[in-house]
Amino acid sequence: MRYELFTALDLAGEPPRHPSEFDRLLKTALAARPRTFLVDEAQWLNGEAFEYFRYLWDEPSTQLAIIFVGGEGCHTVLRREPMLSSRIFIWQHFTRLTPSEVLEAIPLFHPLWADADPDDISFADSHAAHGNFRAWAQLTAHTRTALARTGRPRVDQELLRWAFSRLA
């Protein structure tokens, strides 16, 4: 974890050899200015990693916010770490977008959807994205490719069908 943080913080020089020196360096860097760590797939971390995040966060001089993001089981894994769990300020559960939320959010998400027909957006959601924002990001990437390859000016259902076929 120390080496990952050293790299993520883009610290100069060679990483220290001894844990106490490493910790002092990281704490100094985290005290210099406010930082936010986004820890994705947090459900795969072990107790030692969570304990280290808690250790850094508890240091009075650090200006650190940590956001743990994870999929299925993340809440359960985080709750198993009472010293960390008790310090979590907000537990936020994200759900799929409703069809009306899709029509509101997706045109704002990326310019290619801004002028898309709402029926085409609904078609894409019902056939591929299903209110899942990660799926919308993937669909958007494939749709951009399709637009570039075909030279079409905007999304249509034929183009979307091609993009659907590229989704994993």
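Every number here is computed from the coordinates shown, using simple stated rules; none is lab data. Note that this is a predicted model, so its numbers are computed, not measured. Cβ sites come from the backbone with ideal geometry, for glycine too, and all protein chains shown count toward neighbours.
Proximity of backbone amide H atoms, modeled 1.01 Å from N, is registered between F37 and A65, I66, I67 at under 5 Å, excluding neighbours fewer than 5 places apart on the same chain.
What FRET efficiency comes out for H18 versus L38 if R0 is 41 angstrom and r is the Cβ-Cβ distance? Round to the nearest 0.05.
Details: r = 28 Å, r/R0 = 0.69.
Step by step, r from the Cβ atoms, then E = 0.90.
Net length available on complete extension from L103 to H130 is 8.5 nm, with 0.36 nm assigned per residue and the Cα-Cα distance removed.
Using θ = phi - 60° and the Karplus curve 6.51 cos²θ - 1.76 cosθ + 1.60, what whole-Hz ³J(HN,Hα) does each residue of region 132-146 get, with Gly and Pro shown as x? With the stated coefficients, region 132-146 comes to 8, 5, 4, 5, 5, 5, 5, 4, 4, 4, 5, 5, 4, 4, 4 Hz. Projecting label points 7 angstrom from Cα along Cα→Cβ for D10 and S165 puts them 4.2 nm apart. How high is the FRET efficiency between R54 and T95 when r is their beta carbon distance and R₀ equals 22 Å, given to the nearest 0.05? With a Förster radius of 22 Å, E is 0.20. Taking 7 Å steps out from each Cα toward its Cβ at R152 and R79 produces label points 4.6 nm apart.
Give me the percent of Cα-Cα pairs in region 91-168 that sit more than 14 Å apart, rounded to a whole number. For region 91-168, the fraction of Cα-Cα distances above 14 Å is 56 percent.
Counting GluC sites (Glu not before Pro) as exposed when in a DSSP loop with at most 13 other beta carbons within 10 Å, what is the longest stretch of the chain free of them?
Details: sites that count: E41, E72.
Between the exposed loop sites, the longest stretch runs 73-168.
Can you quote the Å³ per residue value for the convex hull of the Cα atoms in region 24-168, rounded to an integer? Convex hull volume per residue, Cα atoms: 153 Å³.
Net charge within 14 Å of Q157 by Cβ-Cβ distance, Lys/Arg positive one each and Asp/Glu negative one each, not counting Q157 itself? Here the count lands on -3. Annotation for A141 and A65: the two label points, set 7 Å from Cα along the Cα-Cβ direction, are 2.7 nm apart.
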